[in-house]
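*Asks:* Got a structure for you, written out below as structure tokens; questions coming shortly.
The values are calculated or read from the model by the stated rules, or taken from the named source; none is laboratory data. All of these numbers come straight from a predicted model, not from anything done at the bench. As a convention, Cβ positions derive from the backbone with ideal geometry for all residues, glycine included, and neighbour counts pool all protein chains shown. SASA here: full protein model, heavy atoms, side chains in, ligands and nucleic acids out. Shrake-Rupley method; radii C 1.70, N 1.55, O 1.52, S 1.80 Å.
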Amino acid sequence: MAGASIAPTPLLKDELDIVIPTIRNLDFLEMWRPFLQPYHLIIVQDGDPSKVIKVPEGYDYELYNRNDINKILGPKASCISFKDSACRCFGYMVSKKKYIFTIDDDCFVAKDPSGKEINALEQHIKNLLSPSTPFFFNTLYDPYRDGADFVRGYPFSLREGVPTAVSHGLWLNIPDYDAPTQLVKPLERNTRYVDAVLTIPKGTLFPMCGMNLGFNRELIGPAMYFGLMGDGQPIGRYDDMWAGWCTKVICDHLGWGIKTGLPYIWHSKASNPFVNLKKEYNGIYWQEELIPFFQSATLSKDCTTVQKCYLELSKQVKAKLGKLDPYFLKLADAMVTWIEAWDELNPSGGDSTNLPNGTGK
């Protein structure tokens with residue numbers, strides 16, 4: 001029947017923005033068209049603001065470059081990284097939607113073992129709309145998936161779960177490795193598709209990757225600050241991990257969950273390991289101090305909102321990590337500036353109706 005195949009309305013069509021940081025034309029969106037075209041894009045252009053970025057026809061988008069960021073945030077624009085994909089978090093700040101999906105421009109549509117193309121966004125939405133179980137591990141992984149449930153011995157009092165703040169997706173082909181691992185395994189490719197989603201347990205940190213990530217902006221948005229990285233900073237490639245560590249400490253404190261696993265994307269190109277090593281060098285050294293810092297970080301009972309949690313964390317960064325390097329004093333100040341800018345653009349903690357638009361459609 002000709003009229004019987006009317007496509008259903010895409011999930012969360014009016015409640016989700018897709019944030020993409022880029023320095024190049026977004027040709028990769030052609031491949032994503034069946035899955036992403038119905039949604040609104042926020043493109044954060046890094047590098048030279050005079051360069052014109054081309055977006056495939058038919059996409060609804062707004063595009064912000066460095067000039068727009070400076071105009072909208074004024075002096076507070078200092079907290080947004082320059083010449084680094086960490087600039088994407090500006091898109092989180094100016095979004096007016098409840099959910100965010102962020103993806104890198106070298107990420108293509110992956111296929112599952114049966115050869116079917118994976119709708120990564122749909123899986124992120126499923127993860128975000130189902131509860132998490134951070135307080136007790138279910139050995140069948142995500143109990144809310146079709147064909148799974150809570151195993152024998154799982155406390156009934158915990159089976160309702162808690163809200164899911166973050167959905168962390170994975171990658172086929174080029175894995176998300178640091179420079180030393182890239183250098184010793186230059187030809188390694190991830191071909192292993194694991195059909196699983198699990199909640200990261202309370203008290204356990206993880207290295208968050210920003211190239212295939214969904215989150216509940218309304219719930220956890222102010223903690224999703226990708227730090228001060230890139231141009232003029234002594235570190236790069238730790239932006240998403242910094243956000244992940246801060247977010248996990250805050251989610252543990254406020255009783256929310258983070259899921260990792262499906263969906264997979266196809267990561268198409270490995271970045272240069274020698275360039276990466278230069279960016280990561282300090283981070284590789286510092287992370288041995290950073291991880292114990294976040295593992296032992298506790299927040300007071302007064303921290304009842306994400307903003308309060310984040311500001312308290314910034315004080316601890318200044319007090320404890322400032323001794324490690326002056327950079328952390330600057331980062332702690334930028335964390336405060338970020339929260340001030342967030343609250344300015346999102347006065348009620350939610351939508352802002354008088355936000356200046358970027359260029360684009």
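*Asks:* Among (1) in contact with a helix residue (DSSP H, G or I) (Cβ under 6 Å, 6 or more places away or on another chain); (2) within 30 Å of residue 27 (Cβ to Cβ); (3) touching a residue at least 40 places away in the same chain (Cβ under 8 Å), where does residue 124 come up short?
*Replies:* Against the list (1) in contact with a helix residue (DSSP H, G or I) (Cβ under 6 Å, 6 or more places away or on another chain); (2) within 30 Å of residue 27 (Cβ to Cβ); (3) touching a residue at least 40 places away in the same chain (Cβ under 8 Å), residue 124 comes up short only on (1).
*Asks:* Quickly run through segment 311-338 and pick out the residues that are open to solvent by 10 Å² or more (accessible area, probe 1.4 Å), within 29 Å of residue 348 (Cα to Cα) and touching a helix residue (DSSP H, G or I) at 6+ places or on another chain (Cβ under 9 Å).
*Replies:* 311, 315, 316, 318, 329, 333, 336, 337 - these are the residues of segment 311-338 that are open to solvent by 10 Å² or more (accessible area, probe 1.4 Å), within 29 Å of residue 348 (Cα to Cα) and touching a helix residue (DSSP H, G or I) at 6+ places or on another chain (Cβ under 9 Å).
*Asks:* Only one of these is in contact with a strand residue (DSSP E or B) (Cβ under 9 Å, 6 or more places away or on another chain) and within 26 Å of residue 235 (Cβ to Cβ): 110, 86, 120. Name it. Steps first, please.
*Replies:* Working: 110 fails: within 26 Å of residue 235 (Cβ to Cβ); 120 fails: within 26 Å of residue 235 (Cβ to Cβ).
Within the list 110, 86, 120, the selection yields 86.
*Asks:* Could you tell me whether residue 294 is touching a Phe, Trp or Tyr at 6+ places or on another chain (Cβ under 7 Å) and modelled with pLDDT of 95 or more?
*Replies:* yes
*Asks:* A further question follows. Please verify whether segment 219-238 includes one or more residues that are free of Cβ contacts under 8 Å to residues at least 60 places away in the same chain, among the aliphatic types (A, V, I, L, M) and not in a strand (DSSP E or B).
*Replies:* Taking every residue of segment 219-238 in turn, none turns out to be free of Cβ contacts under 8 Å to residues at least 60 places away in the same chain, among the aliphatic types (A, V, I, L, M) and not in a strand (DSSP E or B).
*Asks:* Moving to a separate point now. State all residues of segment 293-310 that are open to solvent by 60 Å² or more (accessible area, probe 1.4 Å), closer than 21 Å to residue 208 by Cα and not β-branched (Val, Ile, Thr); if no residue qualifies, say none. Spell out how you get there, then give the answer.
*Replies:* Residues of segment 293-310 that are open to solvent by 60 Å² or more (accessible area, probe 1.4 Å), as a first pass: 295-296, 298, 301-302, 304, 308.
This time we only want the ones that are closer than 21 Å to residue 208 by Cα, so: 295-296, 298.
Matches in segment 293-310: 295, 296.
*Asks:* Looking only at segment 154-181, count every residue that is out of contact with any strand residue (DSSP E or B) (no Cβ under 8 Å at 6 or more places or on another chain) and either modelled with pLDDT under 95 or hydroxyl-bearing (Ser, Thr, Tyr) (or both) and tell me the total.
*Replies:* 4
*Asks:* Can you pull out every residue in segment 254-292 that is touching an Asp or Glu at 6+ places or on another chain (Cβ under 8 Å), in a helix (DSSP H, G or I) and open to solvent by less than 50 Å² (accessible area, probe 1.4 Å)?
*Replies:* 276, 280, 282, 286
*Asks:* Name, by its number, the condition in (1) of a type outside the set (Ser, Thr, Tyr); (2) closer than 25 Å to residue 192 by Cα; (3) under 18 Å from the mean Cα position of the chain (by Cα) that does not hold for residue 88.
*Replies:* Single failed check for residue 88: (2).
*Asks:* List the helices (runs of 4 or more DSSP H) that sit entirely inside segment 8-127 and contain at least 3 residues that are buried (at least 23 other Cβ atoms within 10 Å of the Cβ) and of a type outside the set (Lys, Arg).
*Replies:* 89-94
*Asks:* Consider segment 140-149. How many of its residues are touching a strand residue (DSSP E or B) at 6+ places or on another chain (Cβ under 8 Å) and open to solvent by 90 Å² or more (accessible area, probe 1.4 Å)?
*Replies:* Here the count works out to 1.
*Asks:* Hey, can you tell me all the residues within segment 293-312 that are assigned to a helix (DSSP H, G or I) and within 22 Å of the chain's Cα centre (by Cα)?
*Replies:* Matches in segment 293-312: 293, 294, 295, 306, 307, 308, 309, 310, 311, 312.
The rows are residues; the columns are (1) in contact with a Cys (Cβ under 7 Å, 6 or more places away or on another chain); (2) open to solvent by 20 Å² or more (accessible area, probe 1.4 Å); (3) β-branched (Val, Ile, Thr).
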residue	(1), (2), (3)
138	no, no, no
178	no, yes, no
194	no, yes, yes
209	no, no, no
219	no, yes, no
